[in-house]
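We did not get these values from a lab; they are worked out from the coordinates using the rules stated. Computed from a predicted model, the values in this text were never measured in an experiment. Cβ placement follows ideal geometry from the backbone for every residue including glycine, while neighbour counts extend to all protein chains displayed.
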Amino acid sequence: MQVCFRVPVNLPERLIDFTHMPRFPQRKWLVVALRTGRLANRIVLFANVIAFAEEHGCKVLNPAFQTYAALFESTRDTLLCPYPPPAPRRPSRGRDTVYGTLRFTRLLYHMAFQLSRPVNRVPGLAPWIRGIESPVGPHGVELTAPLVYEQIRETRITLLRGWEFRDTAGVTRYADRIRAYFTPITAHRAAVAARVAAARQECNLLIGVHVRHGDYVDYLAGRYFYPVDRYRELMAALQARHRVFSNLKMSLKRVIESPLERRTPGPQGMPGGV
């Protein structure tokens, strides 16, 4: 049995042009075993895995998401960020302390990550567990493609390593459940609602502007990097009130008012840092 499986990016169209595959007769576990990027990138991956799990009756564990677990209602009281989420429990300061410590050390994530190494490298290590690694590149790897689907079907636990796993049709089909899973905790929802409500009192149209610099200076030779002047020009052309968000280490107001030279470099690697 081949355990380490890399999906070619040029799969024939006949293998990926479909939207439905049968549900698995036996419960499967999908484990996200590699941290990729920061919050937005991890939500993208997690959402696609959730969609596949919904469609095919799988359960998901995502220890790679534990860094952000405290931000969302469905994951704040968990260690492995499971899907479906567990039933809510009564608040416990002791449990919060223990969970916070384990999240800070990333112990459970490192255990899953280390386990994925021998599983990927040693074919036939165990028939009940398998690793699938997505190639790095611009093309996503459809979890519902037959070559990938069969890898998951043949084992009980699948360790997913990589950011490119997708269930394109499933994300649309289960969009409401995915949004519900990523509901921010009450404190953040209240803060956002207050800020948006205050901004809307001064305008009819409110636009949020994300000024992404940092690692975008170098990522893909700056393909997605735009100077501050370009943001300023576009905002001036729109008759609307703007709220500016940025990963620059300067006040939001000065992002628009300051010259390009004031940008602050961010972490290297894929969008969002590693």
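Taking the simple approach of a point 7 Å from Cα along Cα-to-Cβ for both R117 and K59, what is their distance in nm?
Spacing of the two 7 Å Cα→Cβ label points: 2.8 nm.
Please give, to one decimal in nm, the separation of the simple spin-label points placed at R156 and R243, each 7 Å out from Cα toward the Cβ.
Here the answer is 4.7 nm between the modelled labels.
What's the exposure ranking of K59, K28, going from fewest to most Cβ atoms within 10 Å? Could you put the intermediate results ahead of the total?
Working: K59 14, K28 20.
The most exposed by this proxy come first: K59, K28.
With a 10 Å Cβ neighbour count serving as the proxy for reagent exposure, in which order, fewest first, do W163, W29, W128 appear?
Numbers: W163 23, W29 18, W128 10.
With the fewest neighbours first, W163, W29, W128 line up as W128, W29, W163.
Between A190 and L39, what length in nm is gained on full extension when 0.36 nm per residue of separation is reduced by their alpha carbon distance?
Values: separation 151, 0.36 × 151 = 54.36 nm, distance 1.99 nm.
Taking 0.36 nm per residue and subtracting the Cα distance, the gain is 52.4 nm.
Using the count of nearby Cβ atoms within 10 Å as a rough guide to exposure, how do D215, D96, D77, D167 rank from fewest to most?
D96, D77, D215, D167
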